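The values are calculated or read from the model by the stated rules, or taken from the named source; none is laboratory data. Note that the coordinates shown come from a computational prediction; the quantities given were computed from them, not determined experimentally. Cβ atoms come from the backbone with ideal geometry, glycine included; neighbour counts cover every protein chain shown.
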């Protein structure tokens, strides 16, 4: 079996994709970021900062793993089952109530991780809503949206509810993506990324 083709992206590539995407995402008016991809969420916050108030949008991190080998995971689980490694805490539903939450990740590959995140966050919200008087529930219902830096153009194994806005910085073929924050040698990573760009121009 041949090795999949790699696409190396630089920090500047990611930064510029997020900057362009933020113009559309601003229409959703997120007041909270939920980071699966930590670096993209931090950059996105820079571009969503309200110019008048200069107020930062809070970032809450969740840890989900689909392809990583973690302690206590089996070979069968890797790539098949989303493992929760970090969550919003025992009162995550309260944190989410009434918010406009943008879930941020690096890549939409199989969509299983995103489906898991949305489903579990919605469950947390529903549990909290049931504790409120019925008349107050609609006003406190959380609105979610999803942003990924790259969406792979391939059949998805997971799905997202149709009412959830979905934004992608770039649509790409089914390639193996190498992000700069995963590189041990950033100069070599950038050199190889630059060489690949020269070949395509």
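Can you pull out every residue in segment 162-201 that is in a loop (DSSP other than H, G, I, E, B), surrounded by 11 or more Cβ atoms within 10 Å (Cβ to Cβ) and modelled with pLDDT under 95?
Answer for segment 162-201, where residues must be in a loop (DSSP other than H, G, I, E, B), surrounded by 11 or more Cβ atoms within 10 Å (Cβ to Cβ) and modelled with pLDDT under 95: 174, 175.
Test each condition in (1) part of a helix (DSSP H, G or I); (2) under 23 Å from the mean Cα position of the chain (by Cα) for residue 128 and report the one that comes out false.
(2)
Residue by residue through segment 16-30, note down the ones that are within 27 Å of residue 85 (Cβ to Cβ) and either at pLDDT below 95 or surrounded by fewer than 16 Cβ atoms within 10 Å (Cβ to Cβ) (or both).
Those that are within 27 Å of residue 85 (Cβ to Cβ) and either at pLDDT below 95 or surrounded by fewer than 16 Cβ atoms within 10 Å (Cβ to Cβ) (or both): none in segment 16-30.
Assess whether residue 89 counts as being over 21 Å from residue 149 (Cα atoms), part of a helix (DSSP H, G or I) and at pLDDT below 95.
no
Search segment 147-158 for residues being free of Cβ contacts under 8 Å to residues at least 60 places away in the same chain and in contact with a helix residue (DSSP H, G or I) (Cβ under 6 Å, 6 or more places away or on another chain), and hand back the single one that is farthest from residue 48 (Cα to Cα).
The selected residue is 157.
Say we look at segment 109-124 and pick out the residues that are assigned to a helix (DSSP H, G or I) and in contact with a strand residue (DSSP E or B) (Cβ under 9 Å, 6 or more places away or on another chain); which of these is surrounded by the most Cβ atoms within 10 Å (Cβ to Cβ)?
Filtering segment 109-124 for residues that are assigned to a helix (DSSP H, G or I) and in contact with a strand residue (DSSP E or B) (Cβ under 9 Å, 6 or more places away or on another chain), the one surrounded by the most Cβ atoms within 10 Å (Cβ to Cβ) comes out as 114.
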